[in-house]
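Participant: Pasting a structure here, questions to come.
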Amino acid sequence: MKKLSLFIGNCCNACFWVRNSFFRNIRTTVVISRRFLVITMCFLFFLNTEAQLVTYCPLNMTSIDGWPLFFTTPSHDVMWVVIRGAATNSAYYACTSDAGASFAVGTIPDLNHSPTCIYALDDKTAWVGLTDFVGSYGGAVWKTTDGGQNWTKLTTTQYADAAAYIDVVCFFNADTGFVLGDPIGGHYEIYTTTDGGVSLSPVPSANIPAPLASEFVLESRYSKIGNKVWCGTNKGRVFYSADRGHTWSVSTVKASLTNMEVSMNDSVHGVACQMEHNVPYITNDGGITWQKKPLSPSAYMCSVNAIKDVPGAFVFKIVGQGIYITDDTFATYSLIDNLHLTGHNSLVMYNTTIGWTQTAYQNFDSAIIKIADIHIGAFSPVANLHHAGIFPNPVKQNSALVSWTLEKNAETTLALYDITGNLVRMNKVPGTRGSNAKVFKFENIASGIYLLSVSDGTNSSKIKVLVE
């Protein structure tokens, strides 16, 4: 049983993944105060060649108090996102059909549930999975065929148990798909459909491996290639099906892994990784077996998504540092963008030319980031001065720890700039080959957005910092 009713807007970047484990069992309601994130045109000062690959795409959620959570991108120009409202049970959606230039935003008319997953066929047809976080109404599946203007509830007796929790809604075409929910009665509650969800047939428990104690599949953390699908669990396992969800097998990545997501390049190559972990696990046999493949250099990933049809190519995020790409199965990786706050949230790549993620601040505007025009092999691996970061970020106290890595001894300059480009504070510290760390003081620095430059005199890394 897992019911989530903790909505922490100010700490989404730190709590997004936690809700998939500890907070899934909490039914207390937390009232969230509204915050506004103001980004002025002066922020253009921060843009460099690395940031040209990403673009802010405001949702203009002027009438919605909530957090965009899960993405689905059926084509190059189309992307849907479900929005979890700050109210106990409320659900919204946003859809773009012009690659983020504009969004249609609206309400999913279900007063008893909040979103946990979404799947879209195009800019008109989408299905959402909803769950009652209070713990009375179980789960529900809704569908739209007109771009969100009207929605129809598909479930009746399915997911009716108060403890029911929908994790995955997945379709292979307009008619064929499945819905996967938490174990109820000793087995995962899975239904298949051949008529677009109008009728839902239960998958026999004999076709589903038994769950471990307190095991569940993570919300929307699945991967689909052709007729095959893979889903990660909070117990270090991967459930996978080769026949559109009718029969299932399971493999163990590592029993101690929690909050694990799976993403596949093709039917045989892919990755499984626990969020906030520095060791991804690779499969070359369709998820039957998994091999440890540590990042080089080591870093803690919070989200990862495979680039389809390019084995070994993945885009991933490191909290407080940025968005990265690897095309050699994590042997090396390269920076795409390090100027935007990134947190534990969704990351979806449609192909090498477009993908979507979001900032750590998920309320109102400036929530969606478009990643565009990535060219495999066009980036230089992270080297010399790399893996620069600051913790915590946002900075809430009078100091934070800045970390960086050098390939040789070099004096390092830590320089903090405001959004107009004015130097606010600067420290010069000795740097040694390997890992370095220094406490940076933030006393008497006003709340706002800053840029921290970490430079060894030849190379530099820039980190966007929010001071609260």
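The values are calculated or read from the model by the stated rules, or taken from the named source; none is laboratory data. Since this is a predicted model, take the numbers as computed values, not measurements. When we count neighbours, we look across all protein chains shown, and the Cβ atoms used for this are built from the backbone with ideal geometry, even at glycine.
Participant: Go through the stretch 209-283 and tell me which strands (runs of 3 or more DSSP E), entirely inside it, have 2 or more residues that are more than 21 Å from the chain's Cα centre (by Cα) and closer than 25 Å to residue 177 by Cα.
Facilitator: By residue number, 249-252.
Participant: Shifting gears a bit: Only one of (1) among the aliphatic types (A, V, I, L, M); (2) assigned to a loop (DSSP other than H, G, I, E, B); (3) without any contact (Cβ under 8 Å) to a residue 24 or more places away in the chain fails for residue 206. Which number is that?
Facilitator: (2)
Participant: Please find, among 437, 410, the residue that is surrounded by 11 or more Cβ atoms within 10 Å (Cβ to Cβ) and in a strand (DSSP E or B). Walk me through it before giving the result.
Facilitator: On the way: 410 fails: in a strand (DSSP E or B).
Matching residue, one of 437, 410: 437.
Participant: A further question on this structure: Go through 358, 362 for me and flag whichever is assigned by TED's automatic domain parsing to the domain that holds residue 76, surrounded by 21 or more Cβ atoms within 10 Å (Cβ to Cβ) and either in contact with an Asp or Glu (Cβ under 8 Å, 6 or more places away or on another chain) or modelled with pLDDT under 75 (or both).
Facilitator: Only one candidate passes the filter, namely 362.
Participant: Quick one: in the stretch 262-282, which of the residues that are buried (at least 23 other Cβ atoms within 10 Å of the Cβ) and among the polar types (S, T, N, Q) is modelled with the highest pLDDT?
Facilitator: Only one residue fits best here, namely 263.
Participant: Okay, moving on. Hey, could you check the stretch 47-62 for residues that are crowded, with 19+ Cβ neighbours inside 10 Å and under 15 Å from residue 92 (Cα atoms) and say which is modelled with the highest pLDDT?
Facilitator: 59
Participant: So in the stretch 70-87, with the set limited to residues that are of a type in the set (Ser, Thr, Tyr) and part of a loop (DSSP other than H, G, I, E, B), which one is surrounded by the fewest Cβ atoms within 10 Å (Cβ to Cβ)?
Facilitator: Checking each candidate, the answer is 75.
Participant: Identify the single condition in (1) in contact with a Phe, Trp or Tyr (Cβ under 8 Å, 6 or more places away or on another chain); (2) touching a residue at least 40 places away in the same chain (Cβ under 8 Å) that residue 296 does not satisfy, given that it satisfies every other one.
Facilitator: Failing condition for residue 296: (2).
Participant: Kindly establish whether residue 213 is at pLDDT below 95, assigned by TED's automatic domain parsing to the domain that holds residue 71 and either out of contact with any strand residue (DSSP E or B) (no Cβ under 6 Å at 6 or more places or on another chain) or under 28 Å from residue 255 (Cβ atoms) (or both). Full working, then the answer.
Facilitator: On the way: at pLDDT below 95: no; assigned by TED's automatic domain parsing to the domain that holds residue 71: yes; either out of contact with any strand residue (DSSP E or B) (no Cβ under 6 Å at 6 or more places or on another chain) or under 28 Å from residue 255 (Cβ atoms) (or both): yes.
The answer is no for residue 213.
Participant: Now a separate question. Among the numbered criteria (1) crowded, with 18+ Cβ neighbours inside 10 Å; (2) at positive phi; (3) not basic (Lys, Arg), which single criterion is violated by residue 214?
Facilitator: Residue 214 satisfies every listed condition except (1).
Participant: Restricting attention to the stretch 418-434, and to residues there that are on the phi < 0 side of the Ramachandran plot and touching a residue at least 40 places away in the same chain (Cβ under 8 Å), which single residue is surrounded by the most Cβ atoms within 10 Å (Cβ to Cβ)?
Facilitator: The residue in question is 419.
Participant: Enumerate the strands (runs of 3 or more DSSP E) found wholly within the stretch 141-195, keeping only those where 1 or more residues are crowded, with 17+ Cβ neighbours inside 10 Å and either without any contact (Cβ under 8 Å) to a residue 12 or more places away in the chain or small (Gly, Ala, Ser) (or both). Full working, then the answer.
Facilitator: On the way: elements: 166-171, 177-184, 187-193.
Fully inside the stretch 141-195 and qualifying: 177-184.
Participant: Take the residues in the stretch 283-295 that are farther than 18 Å from residue 225 by Cβ and surrounded by 15 or more Cβ atoms within 10 Å (Cβ to Cβ), then tell me which one is modelled with the highest pLDDT.
Facilitator: Our first condition is that a residue be farther than 18 Å from residue 225 by Cβ; within the stretch 283-295, this holds for 291-295.
Then drop every residue that is not surrounded by 15 or more Cβ atoms within 10 Å (Cβ to Cβ), which leaves 293, 295.
On the way: 293: 92, 295: 83.
The qualifying residue modelled with the highest pLDDT is 293.
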